[in-house]
There are 2 protein chains.
Amino acid sequence: MSTAAVAPYRTRTRGREATTPRREPVVWRSWRPEAPIAREEEWHFREQGFVVLHELFGSEEVVRLKAEADRLREAPDALEADTVIREPESDSVRSIFAVHHQSPVFAALCAGTLLRGLAQWLLDDAVYIHQSRLNYKPGFDGRPFHWHSDFETWHAEDGMPAMRAVSISILLDDNTACNGPLMVIPGSHLSFVPCVGETPDRHFRQSLKEQRYGVPDPDVLGALARAHGIVPIVAAAGSVIVFDCNLLHASSGNISPFPRSNVFLVYNATSNRLSMPAGGTPPRPEFLAARRIVSIPQ
Amino acid sequence: MSTAAVAPYRTRTRGREATTPRREPVVWRSWRPEAPIAREEEWHFREQGFVVLHELFGSEEVVRLKAEADRLREAPDALEADTVIREPESDSVRSIFAVHHQSPVFAALCAGTLLRGLAQWLLDDAVYIHQSRLNYKPGFDGRPFHWHSDFETWHAEDGMPAMRAVSISILLDDNTACNGPLMVIPGSHLSFVPCVGETPDRHFRQSLKEQRYGVPDPDVLGALARAHGIVPIVAAAGSVIVFDCNLLHASSGNISPFPRSNVFLVYNATSNRLSMPAGGTPPRPEFLAARRIVSIPQ
């Protein structure tokens with residue numbers, strides 16, 4: 001399927017746009033026994049928009065990744081300043097972007113066959129890292145992430161042409177029902193839900209702290225949630241959540257005493273590299289949305 | 001057990017007070033087959049500090065209670081102004097206090113044998129309503145309630161002498177893992193966890209919107225949560241959560257599209273009526289903490 005000639009999905013206009021069906025496949029090839037994912041897992045990802053690979057990484061690997069995450073968080077001055085995002089009401093680090101460029105440990109994680117191979121297989125293409133980041137949600141007052149489709153933002157603000165990218169979250173802490181786990185609306189990836197309102201220029205710095213644009217219509221969200229339900233993803237440290245770029249997701253604030261951190265990697269198909277944002281805003285910086293394709297060493 | 005001569009639990013002092021064991025029983029009589037609660041339920045309440053009576057009220061009763069809750073919320077001007085608490089960042093109604101004085105439906109609910117009889121039995125005394133309220137947690141941006149023991153506040157700010165009160169929450173909506181359900185630390189009711197810092201006079205108006213005093217030490221909370229875990233209470237509309245006055249509890253913000261409302265009733269033993277607050281602050285208003293015992297019609 002060629003996507004170049006297709007008009008962009010309509011979103012962030014002044015009017016109210018309709019929800020439209022997804023145009024692209026979710027999995028870009030047919031399942032075969034040699035696939036790096038079981039048949040039931042592939043089915044779940046295709047139909048529900050996500051799949052949880054419980055404890056894909058063992059405890060030693062989790063300790064190693066967590067130590068690296070702590071190292072980066074505890075010395076943010078050693079990092080490219082723009083890539084460090086802090087909580088709106090305190091100074092504590094909420095996210096660090098471009099970790100695959102700033103940490104050999106995370107570079108190796110991205111390049112490893114396990115995750116890259118899975119992304120390549122699902123998208124049936126060579127892949128590159130569109131975005132990588134570490135998310136920290138501290139205990140007691142971790143802030144919520146409101147409902148959104150990543151693709152909607154990447155399409156509107158970064159010029160990602162089509163839904164041919166996959167997000168992978170590696171849990172570095174146990175995610176329980178009580179520490180603000182990822183919540184998803186299963187099946188929502190099959191619709192494109194537009195957002196209302198034009199995007200102001202360079203609003204991304206604020207939006208990384210608290211989302212104000214790229215927020216779907218509450219009535220549409222409510223209808224989707226009533227139709228499909230909301231699933232909180234409860235899984236142990238070392239588990240991996242693979243989810244489609246267009247799945248609606250969110251996470252509640254974390255008032256439990258237990259912090260929650262994860263590594264978030266987005267693999268995009270090389271055939272789906274970014275063009276200019278349809279809305280006419282200038283492209284966001286490279287650390288948020290890679291425009292130069294950096295091939296992943298095999 | 002006489003409580004009159006016992007020194008108050010130490011809390012809200014300038015220094016750091018130690019966590020101390022609970023002095024009072026949780027259930028004030030021995031279980032017998034004619035009790036209004038099953039043996040296992042009584043055991044759960046005594047040991048864990050709470051018990052969930054799933055769908056104690058049927059759907060017709062829920063519809064009736066919900067209609068009354070909506071009626072009150074939609075015409076707040078008809079209510080005593082002080083009893084209406086709004087969200088800190090919007091004008092929407094978060095709680096209405098003293099509903100048993102302002103609504104015949106909720107007065108009847110308090111007086112009914114089902115709840116009052118259960119409270120009388122657990123506390124082995126005649127009871128009266130110490131506090132009643134409706135809580136509304138709207139969808140999308142319902143605010144969190146941070147961790148606290150109600151008794152700590154009632155003891156410090158209202159002069160409630162002893163742990164001889166029971167809280168009852170009647171769920172008017174389905175409580176899922178995703179709409180900010182009540183979370184409890186089971187077994188925490190067996191310790192008195194002091195809070196740090198003297199209480200400013202008349203701070204209650206702010207604290208009803210966002211708790212800043214009466215907050216336990218994060219290290220103590222963390223240790224209790226690690227030792228006992230945190231349980232999110234997931235239950236259908238019409239279910240009733242009965243919990244001890246000293247159980248540590250909280251609820252996350254609600255970013256789901258589904259609002260969550262409940263009726264909250266506190267029955268206190270008449271032998272445990274309020275004296276003056278130990279900290280020397282003036283007593284809070286009657287709608288927050290009844291000083292006049294209004295006998296419940298039998």
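The values are calculated or read from the model by the stated rules, or taken from the named source; none is laboratory data. Owing to the predicted nature of the structure, the values given are computational and were not obtained by experimental measurement. With ideal geometry, Cβ positions are generated from the backbone for all residues, glycine too; neighbour counts draw on all protein chains shown. Heads up: the accessible areas ignore ligands, DNA and RNA and are worked out on the full protein's heavy atoms, side chains in. Shrake-Rupley method; radii C 1.70, N 1.55, O 1.52, S 1.80 Å.
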Residues of region A:96-132 being surrounded by fewer than 19 Cβ atoms within 10 Å (Cβ to Cβ) and either in contact with a Cys (Cβ under 7 Å, 6 or more places away or on another chain) or among the charged types (D, E, K, R) (or both), in sequence order, are A:124, A:125
Would you check if there is a residue in region A:185-195 being among the aliphatic types (A, V, I, L, M), crowded, with 24+ Cβ neighbours inside 10 Å and away from chain B (no Cβ under 14 Å)?
-> no
Cβ-Cβ below 6 Å, separation at least six or inter-chain, first residue in region B:260-281 and under 30 Å from residue B:142 (Cα atoms), second acidic (Asp, Glu): which pairs?
-> B:260/B:173; B:261/B:173
Of all residues in region B:4-44, which are crowded, with 17+ Cβ neighbours inside 10 Å and polar (S, T, N, Q)?
-> B:11
Selection from region B:145-175 of residues within 14 Å of chain A (Cβ to nearest Cβ) and surrounded by fewer than 22 Cβ atoms within 10 Å (Cβ to Cβ) yields B:145, B:146, B:148, B:173, B:174
Would it be correct to say that residue A:277 is closer than 26 Å to residue A:158 by Cα, within 19 Å of the chain's Cα centre (by Cα) and either away from chain B (no Cβ under 14 Å) or in a strand (DSSP E or B) (or both)?
-> yes
Pair list, Cβ under 6 Å, 6 or more apart: region A:109-125 residue touching a residue at least 40 places away in the same chain (Cβ under 8 Å), other residue buried (at least 23 other Cβ atoms within 10 Å of the Cβ) and of a type in the set (Phe, Trp, Tyr) | A:119/A:267
Take residue A:70 and decide whether it is open to solvent by 30 Å² or more (accessible area, probe 1.4 Å) and within 21 Å of residue A:143 (Cα to Cα).
-> yes
Selection from region A:75-95 of residues that are in contact (Cβ under 8 Å) with a residue 40 or more places away in the chain and buried (at least 17 other Cβ atoms within 10 Å of the Cβ) | A:83, A:85, A:87, A:93, A:94, A:95
Please tell me if residue B:226 is over 17 Å from the mean Cα position of the chain (by Cα), basic (Lys, Arg) and within 13 Å of chain A (Cβ to nearest Cβ).
-> yes
Look at region B:160-177 and say how many of its residues are within 23 Å of residue B:276 (Cβ to Cβ) and in a loop (DSSP other than H, G, I, E, B).
-> 5
Qualifying position, being within 30 Å of residue A:277 (Cβ to Cβ) and not hydroxyl-bearing (Ser, Thr, Tyr), among A:39, A:22 | A:22
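Listed here are the residues, each with its yes/no results for (1) of a type in the set (Ser, Thr, Tyr); (2) more than 14 Å from every other protein chain (Cβ to nearest Cβ); (3) assigned to a strand (DSSP E or B).
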site	(1), (2), (3)
B:242	no, yes, yes
B:257	no, no, no
B:267	yes, yes, yes
B:282	no, yes, no
B:291	no, yes, no
Filter region B:8-62 for residues that are polar (S, T, N, Q) and under 11 Å from residue B:122 (Cα atoms) and give the result.
-> B:30
Can you name the number of the only condition in (1) open to solvent by less than 10 Å² (accessible area, probe 1.4 Å); (2) more than 11 Å from chain A (Cβ to nearest Cβ) that residue B:180 fails?
-> (2)
Enumeration of residues in region B:225-274 that are farther than 30 Å from residue A:225 by Cβ, surrounded by fewer than 21 Cβ atoms within 10 Å (Cβ to Cβ), of a type outside the set (D, E, K, R) and touching a Lys or Arg at 6+ places or on another chain (Cβ under 9 Å) | B:271, B:274
